[in-house]
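Report on one structure; see the data block that follows.
Readers should treat all values here as calculations from the given coordinates under stated rules, not as data from a laboratory. Treat the numbers as computed from the prediction; the structure is a model and nothing was measured. No Cβ is skipped: glycine too gets one built from the backbone with ideal geometry, and neighbour counts run over all protein chains shown.
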């Protein structure tokens, strides 16, 4: 419990960012839903369309809705200019606003539909205008029901906002995602506790407002709103821009331990050189590449095989050097992104099995696996079975498994050791390969391309010669054993290190 408490004490900035995002989305949702509800109350066609659209949005998983706004804003950027942000607060705000609409809109429309007809007739009978009737009669009667919808929207939005980590928005999702990927359950629990506590607090304060409207007690209305606004103001104050020496560099990382470690390794060098560093963790492969090429982030770590198949859409394998040379030229010509160089190790996709299982089935190569695959279960990370690499390997060897299962990176290895999968899409630089005594199956046909780790730098950031000079010593400095040991230091269950601690040890080991 002390570990969870220690983590909770460090979550102040994440909590403040979460409060501002959720409060903004709820406020914008209210601003859209209430006028729409008034219109819908007077027009059956508008009512059907508005409620139908809001219901449709709710059928889209929150994670997918958040992710969809990245390509949407990326397309709009070509129209509105480079100043339109594609990651972080704006896409998260837009997605969460849509998510908050339904309960507010539905409650407001329902309240209007169920309002006593004689009350409305009485208002008309005394000569009230439409505006007077809305303000003096309809709004007070509907207020308790509307507040109930806002309470529901607030709880939903605060929970869904934890997923905004995946599009680069800081919040209470950061410790949850990082903890899941590194098996640091104190981080996961701390993030969940903080998010749940925030949702309960918001629901309690809005409940006071709802009760105040229902019982005509203004002090409850203003008291609940006042405390809520005070918390929002405190969050804004905590995140206010401050004058700092040096420039701010944003480093993006995908959602696994190696990326967290390398991001901190790069960040520590830049901080020592006087730069201010921010991290955007948990980004998807396509998101992180688009982010660095468009300047939404400044630096990312990627892999030659990933770029070769996902970005260039290539299925051939001309060899490591040719792949690297082609990628450097392609990045420069298409977006101006600068490839600093290869870090010195390869983190390739590979198919791996438990040693006892492989021995029992006589499997050493992927050709052996192909013969046994119809009676085996394969597990992959959340995106593996949609990647070109999987299609290439599947077709090259004629793999036909009895069952495919998706896992997060952490649970994929647990699934293998626990017998939930017979073979998984492992990573060759992962420390758990040795720790779990796994067998990496030989790719005799060269279906997987090379996966040399690269440092990518955004076009404008690459113009900073001092930054390039700070990072150049990392090129070629990290061998696969050093990276594997650093990964395992974070992933192991006992005596775990944080990514920052593992990065510090890695820097000492490589003498950088």
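Rank the residues 339, 382 as a footprinting-exposure proxy: fewest other Cβ atoms within 10 Å of their Cβ go first.
Least to most surrounded, the residues fall as 382, 339.
Specify the angular offset, from 0 to 90 degrees and rounded to the nearest 10, of the alpha carbon long axis of helix 62-80 from the longest principal axis of the alpha carbons in the chain.
Once rounded, one gets 90 degrees.
Let me make sure I get this right: for region 446-512, a, b and c are the square roots of the gyration tensor eigenvalues over alpha carbons, sorted descending. Under 1.5 in a/c it's rounded, otherwise prolate if a/b > b/c, else oblate. Which is it?
oblate
Nearest 500 deg cm²/dmol is fine: what mean residue ellipticity at 222 nm does the chain get from its DSSP H runs of n ≥ 4 alone, each adding -39,500 (n - 2.57), divided by its residue count?
Mean residue ellipticity, 222 nm, calculated: -19000 deg cm²/dmol.
Which parts of region 308-322 would a label at residue 286 reach, counting a residue when its backbone N lies under 20 Å from a point 7 Å out along Cα-to-Cβ?
Those under the cut-off are 308-316.
Between region 1-32 and region 349-395, how many Å separate their Cα centres?
41 Å
Counting other C-beta atoms within 10 Å, which of 345, 385 has the fewest, and how do the rest follow?
By the 10 Å Cβ count, ascending, the order reads 385, 345.
Mind listing the Cα extents of region 2-238 along all three principal axes, in Å, largest one first?
Projected onto the principal axes, the Cα atoms of region 2-238 cover 67, 44, 29 Å.
Please give the peptides 346-354, 165-173, 65-73, 469-477 ranked by average Cβ packing (other Cβ atoms within 10 Å per residue), highest first, as a rough proxy for protection.
Ranking, from highest mean packing down: 165-173, 346-354, 65-73, 469-477.
Counting alpha carbon pairs within less than 8 Å and at least 6 residues apart, what relative contact order, in whole percent, applies to the chain?
Taking the mean separation of contacting Cα pairs over the length of the chain, I get 15 percent.
How far is helix 218-238 tilted off the main Cα axis of the chain, in degrees rounded to 10, range 0 to 90?
In the chain, helix 218-238 runs at an angle near 30 degrees to the longest axis.
Quick check: Cα centre of region 250-283 to Cα centre of region 451-512, how many Å?
So the two Cα centres are separated by 9 Å.
Sort the following peptides by mean Cβ neighbour count (other Cβ atoms within 10 Å, averaged over residues), highest first: 37-47, 363-373, 252-262.
252-262, 363-373, 37-47
For labels at residue 406 and residue 122 in the simple 7 Å Cα→Cβ model, what's the distance in nm?
5.6 nm
So, in nm, how far is label residue 472 from label residue 312 when the simple model puts each one 7 Å beyond its Cα toward the Cβ?
For the pair residue 472/residue 312, the computed spacing is 2.5 nm.
Sort the following peptides by mean Cβ neighbour count (other Cβ atoms within 10 Å, averaged over residues), highest first: 387-393, 278-284, 50-56.
Highest mean packing first, the order is 278-284, 387-393, 50-56.
Using 0.36 nm per residue of separation minus the Cα-Cα distance, give me the extension gain between residue 84 and residue 505 in nm, one decimal.
Gain on extension, residue 84 to residue 505, equals 147.7 nm.
Just to be sure I understand: of the beta bridges DSSP finds with both ends in the chain, what percent are antiparallel, rounded to 5?
Here the share of antiparallel DSSP bridges comes out near 55 percent.
Measure nothing but the geometry: give the 0 to 90° angle between the long axis through the Cα atoms of 388-397 and the longest principal axis through the Cα atoms of the chain, rounded to 10°.
Helix 388-397 and the main axis of the chain meet at about 50 degrees.
Under the 0.36 nm per residue contour assumption, what length would be gained going from the current alpha-carbon distance of residue 272 and residue 55 to full extension?
73.1 nm
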